[in-house]
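Read the structure below first, then the notes.
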Amino acid sequence: MAKRNKDTGEDISLFPFLSVLACVIGTLTMIIAAIAVQSLDNDAVDQAIEYQKKEEQLATDTAELEKLRNELKKKEAELKREQSSEQKKLEDAKKRLAELLAKLEKTESQLQNISIEGPKVNVAAQTEEISKMEDELKSRREKIAQLQKQIDERKLPPKESEVSILPGGSGVGFKPSFIECDDGRIVIHEDGKTIPVRTAELNTNPDFAKMLEKVKNQKDGTLVFLIRDDGLSTYNTARNFANSKGVKNGKLPVIGDGRVDLSYFTKQAKNS
């Protein structure tokens, strides 16, 4: 079979023609863009820029709202153990958050329907919309601050209850020293410190002996037993020891299970 003859003719290059065509298209594009830009009103451009800024701010607030919602979800497990009033506060916070998200979705839907393209822009309508967005942003920042405050408050540990001890009778004319009587032990209160001592060790404990000796040698000194609901037996034992040592003593009831507060006597001692 005979071989096909090779084409000996010269190739014709279309590159210069294509280059000229591309330059013409580019030039026409630039002319059209220049005409479109010149037809835009300066106020419309400014409004478009302002609109873009507000849209970015809305996106930032949306992310912050999402972060708060995640934190609230993590706290739900802990809040189930709190009192019913705290549970109600959480439900209110979730309701407010849902309302904010609904408003946010509505705003995003409105933003999608607003177009800033083309030479004609309704400056008055966009100005009113931006004003509404600013009010909405302000309201959301206040809601975020309230939610953040609630989250911070829920992170605080529960405050220990206190039982204030007030003097019986006249409450004057003596210098009190305090011993708290619990079930199976006493607690010595001295110089802002507490020293627990088991009832079975009262006859050998040096701290208890030191307290009895201090009150006995103190002018107008009186040992005041603070009796808890379950500390009557302990009080009888400790009082017998105090009587055997010749220590003047008295008693005051402690109503409740909180920490003993002796601040009244501390202030009275400083003022005397």
Derived scalar couplings ³J(HN,Hα) [segment 141-151; Karplus, 6.51 cos²θ - 1.76 cosθ + 1.60; whole Hz; x for Gly, Pro]: 4, 5, 5, 4, 4, 5, 5, 5, 5, 5, 5
Cross-link table Lys74/Lys95; Lys210/Lys248; Lys54/Lys149; Lys73/Lys138, entries beyond 19 Å C-alpha to C-alpha: Lys54/Lys149; Lys73/Lys138
Spin-label pair Ala59/Ser85, simplified geometry with 7 Å Cα→Cβ offset, distance in nm: 4.4
Per-pair calculated FRET efficiency, R0 = 30 Å: Lys193 and Ala145 via Cβ, rounded to 0.05: 0.10
At R0 = 35 Å, FRET efficiency that the Cβ-Cβ distance of Glu71 and Gln112 yields, to 0.05: 0.75
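Each reported figure results from applying straightforward, stated rules to the coordinates on display, with no laboratory input. If you're wondering where the values come from, they're calculated on a predicted model, not measured in any experiment. No Cβ is skipped: glycine too gets one built from the backbone with ideal geometry, and neighbour counts run over all protein chains shown.
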